[in-house]
Amino acid sequence: MSDVNAIAPRPDSLLRAALQSRSLTLGTAITLVFVLAALISFVWTPYDVTQLDIAGKLKGLSATHWLGTDHFGRDIFSMIMVGARTSIAVAVVAVGIGVALGMPLGLWAAAKRGTLMDEVIMRGNDLVFAFPALLIAILITAVFGPGAINAIVAIGIFNIPVFARLARGAALSLWTRDFVMAARVSGKGAVRISAEHILPNITNLLIVQGTIQFSLGILAEAALSYIGLGAQPPLPSWGRMLADAQTMISFAPHMALVPGLAIVLTVLGLNLMGDGLRDLFDPKLRRART
Amino acid sequence: MLAYSLNRLLSLSLSLVAASIVIFLLLEVVPGDPAAFMLGLNAAPDTVAALREQMGLDAPLIQRYLGWALGLLHGDFGISYTYKVPVSELIADRVMVSLPLAIFALGLSTLIAFPVGIIAASRRNSATDVSIMGVTQLGVAIPNFWFAMLLVLAFSITLRWFSAGGFPGWDAGLFEGLKALTLPAIALALPQASILARVMRSSLLDTLSEDYIRTARAKGLTRQQALWRHALRNALIPVLTIIGLQFSFLLAGAIIIENVFFLPGLGRLVFQGITQRDLIVVKSVVMLLVFAVISVTFIVDMAYALADPRLRRQSR
């Protein structure tokens, strides 16, 4: 469990520790590569991803097509770049939904701890938790139809209780602290205390959890697109690329290997970054490790 | 303990009622009339109306909800729009694939994760520990459906040890059935085993830093003896919780994996129900899955309370 009571280290020592953390630097580097690829794809890709070239289909790795071509002759490297955009956009917005709704709910529940409101919020969370994430996604796409937007909503809904629980748990322990007591004595209300005193002290936890949910979001988007409930053609998405590759895996394995590796690397990068950040923000843990 | 159990049981029932309302209402707003969908595009309006009445779609919302929910309690899940057979029959068939698959995967994941986690914890910071942590980090990052495709490429297409998909049915014999479920179970188990091994390791490390372990060491036990005699049992509590949670991930993850391997399980049933707008099937299977998840959580809670008396008193 992370220690919310720890006093934040000074920024310069934080930066030094960040640069020393192998998992943080490696994870951030990998993540940045994919974020950059996604950003660059807005202005440049080696080939146009909508351009079909049936004569040049299913080519392996070469100097002209670095990562080969797919069954329509599209350049896989370009598709990976544009696919990164889809994955990252879906995951970022889904985490945003989780934070924007879950965090205030959790803070509110903690401020009203022990009341009916707290109970209602937490039971509501339990209810959402009872639906496995994919099941929520499948239900939502059943109702509203498949598509990237509905995938975002589905993954976002699953993120709400994650952040609500985290915020409530961390906030509860802060409400017993002297500085919160001092704020109450000075006449501040629950909303102001939550915003001015509780929130800044749980931001680190939210950032760490955010990276983890980000990577889970990428996996979930890939899974949804793979079964045809996420991003729809012609929008390239890693999950869809894998679905297309499945029937061709025996004679064009690169079509399956490349998007799969892209997913693995991105998720790995984010997880390493999350681990690194957690260690960084939690000096107690860092000391225990060294 | 009795008060705690009753409290948890009440909360379990309320969760189930709430979940059933959510599922029912969500699928109520699905666009499209099931009756019209069943009869096809060219159906005459009065035929559709007659079928609507026969299917009970004209009744008020609350009456339809109660009819469905009370039916569930009696094991009556309604009639599938597309298969024209009772949903309970469909579910009974499909459970015979999904449940063994989930148990198989859970068994595999536990069998792998326990020794791996224990080895990593007992050799903390050694090369073994670092490599185990590296591999599990990778295992968590691999999407299970992609891993499934790689397994098919390696063991079905190249080595030809297993078939690439399909299920012969248990009538073909236990061996054939289990063989068909092996690759899917491995694909499902990999990320779960990675998570579980990491939890096992960190839980053991937490326990090993407790005072009673120091006491055990002080009285002359080696680190290994202390680990096996005292730490392991206490470290298992969080691990069991994760195993409980993983069951629900396995059920949901199976929706994807069953599609990769064309297994006639619950996941594929839900998926087909959605594409064919067979909403009564979707509604009932989703409810069943949620029921399974909530029940497992309940069982884990109770096991927890049995293991740790403090929890019974501080129940919220």
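Among the residues of segment B:98-123, the one identified as over 18 Å from the mean Cα position of the chain (by Cα) and among the polar types (S, T, N, Q) is B:Ser122.
Against the list (1) touching an Asp or Glu at 6+ places or on another chain (Cβ under 8 Å); (2) at pLDDT 85 or above; (3) surrounded by fewer than 24 Cβ atoms within 10 Å (Cβ to Cβ), the condition B:Asn234 fails is (2).
Can you say whether B:Ser131 is surrounded by fewer than 16 Cβ atoms within 10 Å (Cβ to Cβ), within 25 Å of A:Ser215 (Cβ to Cβ) and either without any contact (Cβ under 8 Å) to a residue 40 or more places away in the chain or under 20 Å from the mean Cα position of the chain (by Cα) (or both), as far as the supplied structure shows? Yes; evaluated as a whole, the condition is true for this residue.
The test for being touching a residue at least 12 places away in the same chain (Cβ under 8 Å) and within 14 Å of chain A (Cβ to nearest Cβ) holds for B:Pro238. Note on segment A:228-244: residues that are surrounded by fewer than 24 Cβ atoms within 10 Å (Cβ to Cβ) and either under 12 Å from B:Ile142 (Cα atoms) or free of Cβ contacts under 8 Å to residues at least 40 places away in the same chain (or both) total 2.
Quick one: which of A:Gly187, A:Gly147 is out of contact with any helix residue (DSSP H, G or I) (no Cβ under 9 Å at 6 or more places or on another chain) and at positive phi?
Details: A:Gly147 fails: out of contact with any helix residue (DSSP H, G or I) (no Cβ under 9 Å at 6 or more places or on another chain).
The conditions single out A:Gly187.
When A:Arg123, A:Arg74 are checked against the criterion of being modelled with pLDDT under 90 and within 14 Å of chain B (Cβ to nearest Cβ), a single residue qualifies: A:Arg123.
Quick one: which of A:His65, A:His71 is assigned to a loop (DSSP other than H, G, I, E, B) and either without any contact (Cβ under 8 Å) to a residue 60 or more places away in the chain or out of contact with any Asp or Glu (no Cβ under 7 Å at 6 or more places or on another chain) (or both)? Can you show your working first?
On the way: A:His71 fails: either without any contact (Cβ under 8 Å) to a residue 60 or more places away in the chain or out of contact with any Asp or Glu (no Cβ under 7 Å at 6 or more places or on another chain) (or both).
It is A:His65.
Return the total of residues in segment A:246-282 being part of a helix (DSSP H, G or I) and touching a residue at least 60 places away in the same chain (Cβ under 8 Å). Write out each step before concluding.
Filtering segment A:246-282 for residues part of a helix (DSSP H, G or I) gives A:246, A:254-281.
Of the ones still in play, those that are also touching a residue at least 60 places away in the same chain (Cβ under 8 Å) are A:254-255, A:258-259, A:262-263, A:265-266, A:268-281.
Here the count works out to 22.
Among the residues making up segment B:274-301, those that are over 16 Å from the mean Cα position of the chain (by Cα) and either within 8 Å of chain A (Cβ to nearest Cβ) or β-branched (Val, Ile, Thr) (or both) are B:Ile274, B:Thr275, B:Leu279, B:Ile280, B:Val281, B:Val282.
Just checking, does segment A:206-214 include any residue being within 23 Å of A:Asn159 (Cβ to Cβ), facing chain B (nearest Cβ under 8 Å) and among the hydroxyl-bearing types (Ser, Thr, Tyr)?
As a first pass, look at segment A:206-214 and keep what is within 23 Å of A:Asn159 (Cβ to Cβ): A:206-214.
Next, from what is left, pick out any that are facing chain B (nearest Cβ under 8 Å): none.
No, segment A:206-214 contains no residue that is within 23 Å of A:Asn159 (Cβ to Cβ), facing chain B (nearest Cβ under 8 Å) and among the hydroxyl-bearing types (Ser, Thr, Tyr).
For B:Ala226, the conditions (1) away from chain A (no Cβ under 14 Å); (2) modelled with pLDDT under 90; (3) out of contact with any Lys or Arg (no Cβ under 7 Å at 6 or more places or on another chain); (4) in a helix (DSSP H, G or I) are fulfilled apart from (3).
B:Ile256: part of a helix (DSSP H, G or I), more than 14 Å from every other protein chain (Cβ to nearest Cβ) and either modelled with pLDDT of 85 or more or buried (at least 16 other Cβ atoms within 10 Å of the Cβ) (or both), yes or no?
Details: part of a helix (DSSP H, G or I): yes; more than 14 Å from every other protein chain (Cβ to nearest Cβ): no; either modelled with pLDDT of 85 or more or buried (at least 16 other Cβ atoms within 10 Å of the Cβ) (or both): yes.
Considered against the rule, which asks whether it is part of a helix (DSSP H, G or I), more than 14 Å from every other protein chain (Cβ to nearest Cβ) and either modelled with pLDDT of 85 or more or buried (at least 16 other Cβ atoms within 10 Å of the Cβ) (or both), B:Ile256 comes out as no.
Condition check ((1) within 14 Å of another protein chain (Cβ to nearest Cβ); (2) among the polar types (S, T, N, Q); (3) under 30 Å from B:Leu9 (Cβ atoms)) across all residues:
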position: A:Ala133; (1), (2), (3): yes, no, yes
position: A:Ala142; (1), (2), (3): yes, no, no
position: A:Ser173; (1), (2), (3): no, yes, yes
position: A:Ser194; (1), (2), (3): no, yes, no
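Annotation note: Cβ proximity below 6 Å between a residue of segment B:11-38 that is more than 9 Å from every other protein chain (Cβ to nearest Cβ) and a residue that is of a type outside the set (A, V, I, L, M, F, W, C) and in a helix (DSSP H, G or I) (sequence gap 6+ or interchain) occurs for B:Phe24/B:Tyr65; B:Ala35/B:Arg52.
Within segment B:1-20, take every residue that is in contact with a helix residue (DSSP H, G or I) (Cβ under 7 Å, 6 or more places away or on another chain) and aliphatic (A, V, I, L, M) and give me the one that is surrounded by the fewest Cβ atoms within 10 Å (Cβ to Cβ). The extreme case among them is B:Met1.
A:Ala148 meets all of the listed conditions (1) under 28 Å from A:Leu235 (Cα atoms); (2) modelled with pLDDT of 90 or more but one, namely (2). Could you identify the single residue in A:Ala222, A:Ala252, A:Ala231 that is at pLDDT below 90 and either within 9 Å of another protein chain (Cβ to nearest Cβ) or over 21 Å from the mean Cα position of the chain (by Cα) (or both)? Only one candidate passes the filter, namely A:Ala252. Residue check: B:Ile62 meets all listed conditions (1) under 22 Å from A:Leu139 (Cα atoms); (2) surrounded by 12 or more Cβ atoms within 10 Å (Cβ to Cβ); (3) away from chain A (no Cβ under 14 Å) but one, namely (2). For segment B:100-115, the criterion of being surrounded by 13 or more Cβ atoms within 10 Å (Cβ to Cβ), touching an Asp or Glu at 6+ places or on another chain (Cβ under 9 Å) and within 24 Å of A:Ser225 (Cα to Cα) is satisfied by at least one residue. If the condition is being hydroxyl-bearing (Ser, Thr, Tyr), modelled with pLDDT of 90 or more and surrounded by fewer than 23 Cβ atoms within 10 Å (Cβ to Cβ), then segment B:165-215 contributes only B:Thr182.
The values are calculated or read from the model by the stated rules, or taken from the named source; none is laboratory data. Note that this is a predicted model, so its numbers are computed, not measured. All Cβ positions, glycine included, derive from the backbone under ideal geometry; neighbour counts span all protein chains shown.
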